[in-house]
Amino acid sequence: MKFTKLLATAALGLGLATAAVAQDKTKVGFVYVGPVGDGGWTYEHNEGRLAVEEHFGDKVETVFVESVPEGPDAERVMTQMALGGADLIFTTSFGYMDPTINVAKKFPDVKFEHATGYKRADNVSTYSARFYEGRAVQGLIAGHMTESNIVGYIGSYPIPEVIRGINSAFIHARKVNPDVQFKIVWAYTWFDPAKEADAANVLIEQGADVILQHTDSTAPQAAAQAAGDVITFGQASDMAEYAPKPRVSSIIDNWAPYYIDRVQAVMDGTWESQDVWHGIGEGMVGIGEITDAVPADVKQAALDLKDSIASGEYHPFTGPIKKQDGSDWLAEGETADDGTLAGMNFYVEGIEGDIPQ
Amino acid sequence: MIVIEKRPQPSQLWSVATPIVAVVATMIVGGLLFAALGKNPVEAIATIFWEPLFGEYAFYYRPQLLVKGAPLVLIAIGLSLGFRAGIWNIGAEGQYIVGALTGAGVGLAFYPLEAWYVFPLMVMAGALGGWAWAMIPAILKVRFGTNEILVSLMLVYVAEQLLASMSLGLLKNPEGFGFPGSRNLQSYPSGHNAELIEGTGMHWGVVAAFVAVIFAYVLLNRHMLGYQIRLTGEAPRAARFAGVRPARLILFCLGLSGALAGLAGLFEVSGPSGQVSIDFNVGYGFTAIIVAFLGRLHPVGILLAGGLMALTYIGGEIAQGNLGLPAAAIQVFQGMLLFFLLAFDLLTNYRIRFAGKEVA
């Protein structure tokens, strides 16, 4: 009790002390799981932070700490930011979920935004992007482009987020190419260039000529480039330095509009806890330029798919879809509800192998 | 011309002075590094070393030093005993993971039963898990003469896979919506390694670390076994003649360091961390090797070194947040510490003579 009180008093004291100054400056903290130079996930969150600085200029001050391990270290970093007078803190990895909730309890006046989690509180919002929408477009291109009919997929951790992406890509690859197979390798990391390169090479050796990745570095792109006739997709960030080949398109996380929006809400005093899951339509998920390595008709089909998802006309999980074990999941024309998608822990029919348990 | 010659006796003075010189050298070169990155070097160094101890929010950081330092000290004490005897357990990280898994596993098996004996059982299971994991390289070495460095290190990666498997399967929170990671032990009072006095950072792991320091000190200075450990390290042949049984010593040193690493894992998973998750381990087992050497393999030295290491971690985070120093610069800074320590260590066993021209 004593400690909580102590912190609360400190926070309160700080709030009072900075109240006069804070009128013109809102302090925003960012906790990153990787280095800002990862070229993927953390890079894009940092781009969002820079966009906030650009947009608000002198009215905001941003701080960030990178490569923060998920666990007690994250808790300390968040506490440090809150003590340092942050008004709003973005915690940008799934593993920061419990630490965020813990720290939020101690600092009721500080707002928290946790990416990709499911625990909320009065001062904790969650936000994520419907990356599976982008995966559908990738799957379509992959299904068309593969000649060996083997698509390699580098998974990070077998969590719903990643499994959703695999399912979405697979469904749309199968739609255009009934013979396509997915080979999935789990790297058990979000960012480890050496491991990611190994995974890519293993997949290429097994005959994959398309590599999809759910890890954050460009190492798989480099591996594909070295191997020759293999195509890849940028993950989280455009990874345009590998265009036009091996990188033929990408999923780009665009956090900037959301971050600006939420900072504005704190400034206006209208910030409320919410759960946001935005996709292509809202602009949180972007599809990077499809290069000329992709035939024009395939490119057109991909863009049409993107547009129909963006307009809400088509949902990437539309029945009939069966689960891997052959049981029915979605009936003809039925679309998946967000609850099922959020906790997705099964493969759809046709994917070989088991989800590691 | 500079000549390096071996001292007849290792220098007592330098063996004490080296760590201090290494810290000072790290500050100077680190300062230059920070200056090269366009930061004020004095401010950066002050932020790392001063801010956590005496800064505005020291009331929060000081307890955090205990939380961060305790597992390092606990593991390093165990490692140092083996290192002294020339038994190289490099796989404390794996033993730390397995200790956390077995300890948390016992706790979660009792969930939601509230009883006083749950936590002691978890502690025992944690120590046992770490011990058992360390017994693999120990027995392989004793029976087949395998290299314990390689085996213990490789077992870290096996333990990491085991951790992933447990977070996704057996120990997964049944109310976690399919997400990986166990229940949070912080919300299970009987299994929670809570702070003993709120706001002090003092949890059972910190107590255990202090006890381990005292225990190791007594063992090394007052006990036959400690004498044997030191003798084996300094003069293996003499030790053999003195009746030391190497096999017994290997089993003891590896087993004890494994048990302590397992304990550290258990205290971490049931306290500050709270849950078994895929990314549970953050390198304490490896950092503890630095701590053990920084502390000259001496219990009190290790205590101080653990504190210093914790300080650079916490101060480093503050420097990142406040000054915008990149994380990599902090890691280089920490790496320098070991580098300089090893470099200056030369002076303990060798002396540098500036041979004049008259020699030529």
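Readers should treat all values here as calculations from the given coordinates under stated rules, not as data from a laboratory. It should be emphasised that the depicted structure is a prediction, and the values quoted were computed from it without experimental measurement. Cβ: placed from backbone, ideal geometry, glycine included. Neighbour counts: every protein chain shown.
Things to note:
- Peptide A:69-79 is shielded by partner chain Cβ atoms: per residue, an average of 6 of them sit within 10 Å of its Cβ.
- Chain A - convex hull of alpha carbons, volume per residue in Å³: 134
- Of the residues A:Gly353, A:Ala342, A:Ile211, the one whose Cα sits farthest towards the positive end of the charge dipole of chain A is A:Ala342 (charges of +1 on Lys and Arg Cβ, -1 on Asp and Glu Cβ, taken about the Cα centre).
- Relative to one another, the C-alpha centroids of the stretch B:59-111 and the stretch A:22-61 are positioned 35 Å apart.
- Label-zone membership for the stretch B:333-353, site B:Ile2, 7 angstrom Cα→C-beta point, backbone N under 15 Å: B:340, B:343-348, B:350-353
- For chain A, calculated [θ]222 nm from helices alone, where every DSSP H run of n ≥ 4 adds -39500 (n - 2.57): -13000 deg cm²/dmol
- Size of the stretch A:81-194: Rg and Dmax of its alpha carbons, in Å, are 18.6, 57.
- Spatial separation of Cα centroids for the stretch A:287-357 and the stretch A:122-199, in angstrom: 11
- 0 to 90° range, to nearest 10: angle between helix A:72-83 axis and chain A longest Cα axis: 50
- Per residue, the average separation of C-alpha pairs within less than 8 Å and at least 6 apart gives the stretch A:233-357 a relative contact order of 18 percent.
- The alpha carbon centroids of the stretch B:297-352 and the stretch B:206-271 are separated by 25 Å.
- Per-selection Rg to Rh, the stretch B:104-231 - Cα, Kirkwood hydrodynamic radius: 1.05
- The stretch A:74-125: proportion of alpha-carbon pairs further apart than 19 angstrom, %: 10
- All Cα-Cα distances of the stretch B:19-144, cut into 10 Å bins from zero to the largest, leave 11, 23, 26, 23, 14, 3 percent in each bin in turn.
- Tail fraction, Cα-Cα pairs, chain B, threshold 38 Å, whole percent: 22
- For the stretch B:66-325, averaging the sequence separation of C-alpha pairs within contact (under 8 Å, six or more residues apart) and dividing by the residue count gives a relative contact order of 39 percent.
- Magnitude of the charge dipole, the protein assembly as shown, Cβ model with Lys/Arg +1 and Asp/Glu -1, debye to 20: 4160
- Label-to-label distance, B:Arg62 versus A:Glu147, with points set 7 angstrom from Cα along the beta-carbon direction: 7.0 nm.
- Placing R0 at 60 angstrom, the Cβ-Cβ distance between B:Gln9 and A:Thr318 gives a FRET efficiency of 0.15 after rounding to 0.05.
- Selection from B:Val300, B:Pro52, B:Val156 lying farthest towards where the dipole of chain B points positive, charges on Cβ: B:Val300
- Radius of gyration, Dmax [the stretch A:265-312; alpha carbons; angstrom]: 16.5, 50
- Relative contact order (percent, whole number), chain A, Cα cutoff 8 Å, 6+ residue spacing: 16
- According to the Kirkwood relation over distinct C-alpha pairs, the hydrodynamic radius of the stretch B:261-330 is 13.6 Å.
- Excluding exposed DSSP-loop GluC sites (Glu not before Pro) (at most 14 other C-beta within 10 Å), longest clean stretch of chain A: A:1-146
- Potential lengthening of the chain between B:Tyr217 and B:Ile28 amounts to 64.7 nm, from the contour at 0.36 nm per residue minus the alpha-carbon distance.
- In a fully extended conformation the segment linking A:Ser273 and A:Lys175 would gain 31.4 nm over its present Cα-Cα distance, using 0.36 nm per residue.
- The stretch B:276-360: trypsin sites (Lys or Arg not before Pro) falling in loop per DSSP and having at most 11 other Cβ within 10 Å: none
- Residue-normalised convex hull volume from the C-alpha trace of the protein assembly as shown: 195 Å³ per residue.
- DSSP beta bridges in chain A [antiparallel fraction, %, rounded to 5]: 20
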